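A short reminder: the numbers here are calculations on the coordinates, not readings from a lab. Keep in mind that what you see is a predicted model, and the values were worked out from it rather than measured. Using ideal geometry, Cβ is built from the backbone for each residue, glycine included, and neighbour counts are taken over all protein chains shown.
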Amino acid sequence: MGLNAGSKILVTGAAGFIGSQFVEMLLSTTDHRVVVLDKLTYAGSLATLEHAIKEARDGARSRCEFVEGDICDRVKVGDLFTQHRFDAVVNFAAESHVDRSIKSAAAFIETNIMGVFSLLDASMRFFETLPEDKKSNFRFLQVSTDEVFGQLGETGAFNETTAYAPSSPYSASKAAGDHLARAWHHTYKLPVIVTNCSNNYGPRQYPEKLIPHMIACALSGRALPVYGDGRNVRDWIHVADHARGVWLALEKGRVGESYCFGGRSERRNLAVVEAICDALEKAVPRANGRYRDLIQFVEDRKGHDWRYAIDDLKAEQELGFRREYSSFESGLEATIRWYLDNQKWVHEIQSKEAVQAKNLAKAQADAGQRGLS
């Protein structure tokens, strides 16, 4: 049973990479109204959301409202439910970079666990006030990752029956959020659906992630750092395909179920970096030497999972999920072209993080001085 026409959907974290793609798709293909709640951390940008709205059809702006705020703010989240009476919640809000979680896990625990609790609590309280016909249509969709499953050996693939075995602070925090969502379904009958996806790529991804990071390093002539020997394997799904999968799960998914979305495009990390180098060589040849000359192997990431792969047969059979980007190479070339054509966006995003980092360092220093006085 899908959402009624003109439904109102709360989409959290939609000023980021995947969430903004989902909002663009919603506004372009449905008549639903969207309220975006985003904290605008270093990885979130109004420019990203504005781009998504502009790409949507005429009139999309009137159907999308942005609210700056933290999903951990239970008062604000509760007030939003009172004001808008949502028909569905799609939670993209998350701290998502493994390296950052290894250096400092606190923000991941706050957002990925306590933030999910805040959303679930507000959703449950609102859900309990609904008449039965409205309850049957309400949905809470928790967007998660394949990293909650841990790692694979040389063969096999994750699916919806794979046991959780997270290995990093990031994946452990996401697993905790998923478990909370399922518990709220089991205990309070909240209509929850969980999705898990493989590595996303595409336009407007924050430059700390592998593909945009390597593009930025290569264009500036810096070393291309590859963890270990580069043999770790990831499955890659284009962000547009993932966004469509999430929408199908929201529209057609069975309550209490989970759905996996992958790209069926497994590549070793080194092979991805080499493909980026080769594509850049065609588009903007390097003046001195080749881009591959910049590849530099560095100390491996702590607890680096060996391999991820997803079997999304269930999503294909139950939801009708299909990938439009079946070729990783063609999707990668289009992605690289987007970054080459949008260097201004990249520089603005990086400048924003630099300012935020400077302000945070100053605030911490000021707090330290007050503590000593």
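Annotations for the structure displayed:
- Under the Karplus curve 6.51 cos²θ - 1.76 cosθ + 1.60, θ = phi - 60°, whole-Hz ³J(HN,Hα) for segment 316-322, x wherever Gly or Pro sits: 5, 6, 8, 9, x, 5, 9
- Charge-dipole axis of the chain as Lys and Arg at +1 and Asp and Glu at -1 on Cβ define it, positive-most pick from Gly44, Gly262, Ile18: Gly44
- Proximal charge balance of Lys174 [Cβ under 14 Å; K/R count +1, D/E count -1]: -4
- Extension gain, Asn4 to Lys209, is 70.1 nm, computed as 0.36 nm per intervening residue step minus the present C-alpha separation.
- Backbone N atoms of segment 243-266 closer than 15 Å to the 7 Å Cα→Cβ label point of Ala334 belong to residues 243-245, 263.
- For the chain, the longest principal axis of the Cα atoms and the long axis of helix 269-283 meet at an angle of about 70 degrees.
- Fraction of beta bridges assigned by DSSP in the chain that are antiparallel (%, nearest 5): 10
- Residue-wise HN-Hα couplings along segment 186-194, as the Karplus relation 6.51 cos²θ - 1.76 cosθ + 1.60 with θ = phi - 60° gives them from phi, are 5, 7, 10, 6, 5, x, 9, 10, 10 Hz; Gly and Pro carry x.
- Value of D in µm² per second that Stokes-Einstein yields for segment 195-331, Kirkwood Rh from Cα pairs, at 4 °C (1.567 mPa s): 80
- Stokes-Einstein translational diffusion, segment 143-191 - Kirkwood Rh over all Cα pairs, 1.567 mPa s, 4 °C, in µm²/s: 111
- Within segment 150-244, the trypsin sites (Lys or Arg not before Pro) that combine a DSSP coil assignment with at most 15 other C-beta atoms in a 10 angstrom radius are Lys189, Arg222, Arg231.
- Mean projected area in nm² (Cα convex hull; one quarter of hull surface) for segment 210-279: 6.1
- Rounded to the nearest angstrom and listed largest first, the equivalent-ellipsoid semi-axes of segment 100-229 from its Cα gyration tensor are 34, 17, 15.
- In this label model, Asp31 and Glu55 are separated by 2.5 nm, measuring between points 7 Å along each Cα→Cβ vector.
- Convex hull volume per residue for segment 60-102, taking Cα atoms only, in Å³: 116
- Cut-off 17 Å, label 7 Å out along Cα→Cβ of Lys282, residues of segment 206-249 by amide N: 215
- A Förster radius of 22 Å combined with the Cβ-Cβ distance from Asp73 to His97 puts the calculated FRET efficiency at roughly 0.45.
- The chain: mean projected area of Cα convex hull, nm²: 19.9
- Applying 0.36 nm per residue to the separation of Glu348 and Ser327 and subtracting their alpha-carbon distance, the gain on full extension is 4.5 nm.
- When Rg and the Kirkwood radius Rh are both evaluated on Cα atoms of segment 254-339, their ratio Rg/Rh stands at 1.09.
- Protection proxy ranking, highest mean first, for peptides 99-107, 29-37: 29-37, 99-107, where packing is the per-residue count of other beta-carbon atoms within 10 Å, averaged.
- In this simple spin-label approximation, Arg85 and Arg254 carry label points 7 Å from Cα along the Cα→Cβ vector, and these lie 3.2 nm apart.
- Segment 1-156 - convex hull of alpha carbons, volume per residue in Å³: 142
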